[in-house]
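Novice: Take this structure first; my questions come after.
The values are calculated or read from the model by the stated rules, or taken from the named source; none is laboratory data. Model, not experiment: these values are computed from the prediction. Heads up, the Cβs are rebuilt from the backbone with ideal geometry, glycines too, and the neighbour counts pull from every protein chain shown.
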Amino acid sequence: MSAGSFCSSSTRKSGLQRRSSIYNAAVRFLFAVTLNRTFNPLQIPRQKTPKTLPQVLNRHEIASLLEHCHNRKHKALFALIYGSGLRVSEAAAIKTEHIDSRTMRVFVQGGKGAKDRYTVLSHTAVQLLREYWKAYRPAHPESWLFLGTYSPTHITSAAISRAFCDALKRAQISKEVSIHSLRHSFATHLLEDGVSLLQIKELLGHASIRSTTVYLHLANVASGILSPLDRGPFKDEGRTSADA
């Protein structure tokens, strides 16, 4: 599946949700109107939602994505989202004063659940932000850092997502990822680097540690671990078979 086709997956998902709502409404109408019978919604089995793990980009793919992004604004946005683990809506509404290059922190105002938090600021992102600032000189009464092209306010989440899909195509990355995958990649790579789940939870702004534990399944925890089949009396079995 191409990057462009997966970028429209949210539309397909909403279509499935609408279809499910239509089916439920049809069953309700059948019982309440056609059959004139009391309807008990608990008797209808719930549709099982498959529990799939989110896709992440590896570090080489992140570097390729940034390399093939030629727009300074979009490149700075992607670096900020990945480097600080921001939601796309948080990055869109970031303000100039929220970037603190002295303490290397980003202040996220009114994140999910209307909660404020601080997260880490990347040195690479700072450099890209400075290049963007020199080229664009964004000026707005509300101090938005990233202005919309045709909008009097900040850039929209949809515009960032479209730019991300375009960069994926240019980088020839065919994984089924979205702009939110940069946030997943941030958390996964931190876990691989030895950062604790509690620290990652605070940086991401999760209300529960259960939301953060999903990255245990995404991180390459097998790196450096030797399989038990390659130890003890088994270790020479593969060589014997190969020589036969």
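Novice: Among the residues in the stretch 183-193, are any touching a His at 6+ places or on another chain (Cβ under 9 Å), within 20 Å of L216 (Cα to Cα), assigned by TED's automatic domain parsing to the domain that holds R72 and surrounded by 14 or more Cβ atoms within 10 Å (Cβ to Cβ)?
Specialist: no
Novice: Evaluate the following for E131: is it of a type in the set (D, E), without any contact (Cβ under 8 Å) to a residue 60 or more places away in the chain and in a helix (DSSP H, G or I)?
Specialist: Yes.
Conditions tested, residue by residue: (1) among the charged types (D, E, K, R); (2) in the same structural domain as K73 (by TED's automatic domain parsing); (3) under 17 Å from F78 (Cα atoms).
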{"site": "S143", "(1), (2), (3)": "no, yes, no"}
{"site": "I173", "(1), (2), (3)": "no, yes, yes"}
{"site": "S178", "(1), (2), (3)": "no, yes, yes"}
{"site": "V214", "(1), (2), (3)": "no, yes, no"}
{"site": "L229", "(1), (2), (3)": "no, no, no"}
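Novice: Could you please find all residues in the stretch 90-100 being part of a helix (DSSP H, G or I) and either surrounded by 14 or more Cβ atoms within 10 Å (Cβ to Cβ) or without any contact (Cβ under 8 Å) to a residue 12 or more places away in the chain (or both)?
Specialist: E90, A91, A92, T96, H98, listed by residue number.
Per-residue answers, yes or no, for (1) on the phi > 0 side of the Ramachandran plot; (2) in a loop (DSSP other than H, G, I, E, B); (3) in contact (Cβ under 8 Å) with a residue 24 or more places away in the chain:
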position	(1), (2), (3)
R102	no, yes, no
G111	no, yes, yes
A125	no, no, yes
P141	no, yes, no
Y150	no, yes, no
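Novice: Note down all Cβ pairs under 6 Å where the first residue falls in the stretch 55-72 and is assigned by TED's automatic domain parsing to the domain that holds E176 and within 11 Å of A167 (Cβ to Cβ), the second is surrounded by fewer than 17 Cβ atoms within 10 Å (Cβ to Cβ) and of a type outside the set (S, T, Y), and they're at least six residues apart or on different chains.
Specialist: H68/R170
Novice: Could you count how many residues in the stretch 169-181 are part of a helix (DSSP H, G or I) and within 14 Å of the chain's Cα centre (by Cα)? Walk me through it before giving the result.
Specialist: In the first step, residues of the stretch 169-181 are kept if they are part of a helix (DSSP H, G or I); the result is 169-171, 181.
From what's left, within 14 Å of the chain's Cα centre (by Cα): 181.
Final tally of qualifying residues: 1.
Novice: So which of S211, S161 ends up being exposed (fewer than 14 other Cβ atoms within 10 Å of the Cβ), polar (S, T, N, Q), in contact with a helix residue (DSSP H, G or I) (Cβ under 8 Å, 6 or more places away or on another chain) and in a helix (DSSP H, G or I)?
Specialist: Checking each option against the conditions leaves just S211.
Novice: Of everything in the stretch 101-137, what is of a type in the set (A, V, I, L, M) and surrounded by fewer than 15 Cβ atoms within 10 Å (Cβ to Cβ)? Give them in sequence order.
Specialist: Correct list: M104, A114, A135.
Novice: Let me ask another. Could you please tell me which pairs satisfy a Cβ distance under 6 Å, a separation of 6+ or placement on different chains, a first residue in the stretch 180-203 that is over 13 Å from G83 (Cα atoms), and a second residue that is of a type outside the set (V, I, T)?
Specialist: Listed by first residue and then by second, the contacts come to L191/Y215; L191/A219; E192/A219; E192/N220.
Novice: Can I ask one more? Condition check: among the basic types (K, R) and either farther than 17 Å from C69 by Cα or touching a helix residue (DSSP H, G or I) at 6+ places or on another chain (Cβ under 7 Å) (or both). Does R130 satisfy that?
Specialist: So R130 does not fit the description; no.
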